[in-house]
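Data block below; observations after.
The values are calculated or read from the model by the stated rules, or taken from the named source; none is laboratory data. Note that this is a predicted model, so its numbers are computed, not measured. Ideal geometry is used to build each Cβ from the backbone, glycine not excepted, and the neighbour counts take in all protein chains shown. Note: areas computed on protein heavy atoms with side chains; ligands, DNA, RNA excluded. Shrake-Rupley method; radii C 1.70, N 1.55, O 1.52, S 1.80 Å.
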Amino acid sequence: MVRTAAVSECMHRSPLTISESASIAQAVQIIVDNKLTGITVIDEHGVVVGVLSEIDCLKAILNSIYNDGDPDHRLVNEFMTTKLNTCTPSDSIVEVAQSMLETQQRRRPVLEDGKLVGQVSSGNVLWALMEYSRRKA
């Protein structure tokens, strides 16, 4: 395996999170206002329990529209992805990039000793890989 930068070199250290009991409308507002592709979901104890993507939000909104529902009354935990793919600050960005391609998930919560310490997106990884390739040349 090629030795490249670690996740710690390109992750967001203070990622936005949302409670699993928040409404989809609240989640959409945060995602849109902050130009995110998704957000990390936490429980009442601050433990990471899922990820909510833009696609998850689209499903939730369409579900509400088709069922005469209200996105203000649909909860994040109904639509979030609970099969977590996480990484650690010391993981290689190449390995994280490969995992993102395999799972088609564009973001990873970064955990250290079970605690959320950051988040890395496909954009962060892309930037880091480009920087690595430039330094190599």
Exercise. Determine whether GLN119 is among the polar types (S, T, N, Q), modelled with pLDDT of 90 or more, surrounded by fewer than 16 Cβ atoms within 10 Å (Cβ to Cβ) and not in a loop (DSSP other than H, G, I, E, B).
Key: no
Quiz prompt | Failed criterion for THR82 (all others in (1) surrounded by 16 or more Cβ atoms within 10 Å (Cβ to Cβ); (2) at pLDDT 90 or above hold) | solution = (1)
Practice problem: Mind checking which strands (runs of 3 or more DSSP E) fall wholly inside the range 1-55 and carry at least 3 residues that are open to solvent by less than 80 Å² (accessible area, probe 1.4 Å) and touching a residue at least 60 places away in the same chain (Cβ under 8 Å)? | Solution: 38-42
Quiz item: Is it true that GLU20 is modelled with pLDDT under 95 and not hydroxyl-bearing (Ser, Thr, Tyr)?
Solution: no
Quiz item: What pairs can you find where one residue is in the range 113-133 and farther than 30 Å from GLU44 by Cβ, the other is hydroxyl-bearing (Ser, Thr, Tyr) and open to solvent by less than 60 Å² (accessible area, probe 1.4 Å), and their Cβ atoms are less than 6 Å apart, with a gap of 6+ or different chains?
Solution: TYR132/THR4
Quiz item: Any chance the range 79-99 includes a residue that's part of a helix (DSSP H, G or I), free of Cβ contacts under 8 Å to residues at least 24 places away in the same chain and farther than 22 Å from TYR132 by Cβ?
Solution: no
Quiz prompt | Those residues of the range 56-75 which are under 18 Å from SER19 (Cα atoms) and open to solvent by less than 40 Å² (accessible area, probe 1.4 Å), in sequence order | solution = ASP56, CYS57, ALA60, PRO71
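Mind listing whichever residues of the range 58-73 are farther than 27 Å from VAL120 by Cα and either under 20 Å from the mean Cα position of the chain (by Cα) or not in a helix (DSSP H, G or I) (or both)?
Those that are farther than 27 Å from VAL120 by Cα and either under 20 Å from the mean Cα position of the chain (by Cα) or not in a helix (DSSP H, G or I) (or both): ASN67, ASP68, GLY69, ASP70.
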Quiz item: Could we say that LEU75 is within 14 Å of GLN119 (Cα to Cα) and touching a residue at least 12 places away in the same chain (Cβ under 8 Å) here?
Solution: no
Quiz prompt | Search result, residues across the range 100-116 that are in a helix (DSSP H, G or I) and open to solvent by 50 Å² or more (accessible area, probe 1.4 Å) | solution = LEU101, GLU102, THR103
